[in-house]
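The values are calculated or read from the model by the stated rules, or taken from the named source; none is laboratory data. A quick note: this is a predicted structure, and the numbers were derived from the prediction, not measured. No Cβ is skipped: glycine too gets one built from the backbone with ideal geometry, and neighbour counts run over all protein chains shown. For accessibility, only protein heavy atoms count, side chains too; no ligands or nucleic acids. Shrake-Rupley method; radii C 1.70, N 1.55, O 1.52, S 1.80 Å.
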Amino acid sequence: MTEKIIQTSRQIQRSMARISHEILERNSSVEDLILVGMYSRGVPLAKRLSKTISRFEGTELIVGSLDIGLYRDDFSEKGRSAVKPSNIPVNIKDMSVILVDDVL
């Protein structure tokens with residue numbers, strides 16, 4: 001099987017910058033934002049977005065994690081041995097919650 005490159009590292013950096021700018025443009029303040037990554041690959045992506053946004057704004061967004069495994073339509077097919085703990089480190093009342101998944 002041949003290897004196929006979907007995006008180069010430079011293209012990924014540009015995509016992250018573009019997504020970060022979109023988040024900032026659609027929200028008036030970063031103080032009331034939280035990024036919540038969905039396990040498993042959305043969590044590191046949310047952390048990476050937070051770091052990218054921090055370069056523009058000087059502050060990192062709060063990052064949480066969420067396991068949606070029990071709600072997947074293929075749950076019975078995949079089978080799950082354990083549910084990962086969700087971690088939302090702040091009260092999200094009156095905050096804008098941005099769910100992050102690796103399917104962009």
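Tabulated data for the structure shown
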item: Residue in region 1-22 that is nearest to VAL103 (Cα to Cα), counting only those that are among the β-branched types (Val, Ile, Thr) and outside any helix (DSSP H, G or I); result: ILE6
item: In region 1-29, residue most open to solvent (accessible area, probe 1.4 Å) [restricted to those that are within 22 Å of MET95 (Cα to Cα) and modelled with pLDDT under 90]; result: SER28
item: Enumeration of residues in region 47-68 that are of a type in the set (Lys, Arg) and crowded, with 16+ Cβ neighbours inside 10 Å; result: LYS47, ARG48
item: Candidates LEU49, LEU35, filtered to the one that is in a helix (DSSP H, G or I), modelled with pLDDT of 95 or more, under 17 Å from the mean Cα position of the chain (by Cα) and within 27 Å of ALA17 (Cα to Cα); result: LEU49
item: When residues of region 72-104 are limited to those that are touching a Gly at 6+ places or on another chain (Cβ under 7 Å) and closer than 22 Å to GLU22 by Cα, the one modelled with the lowest pLDDT; result: ASP102
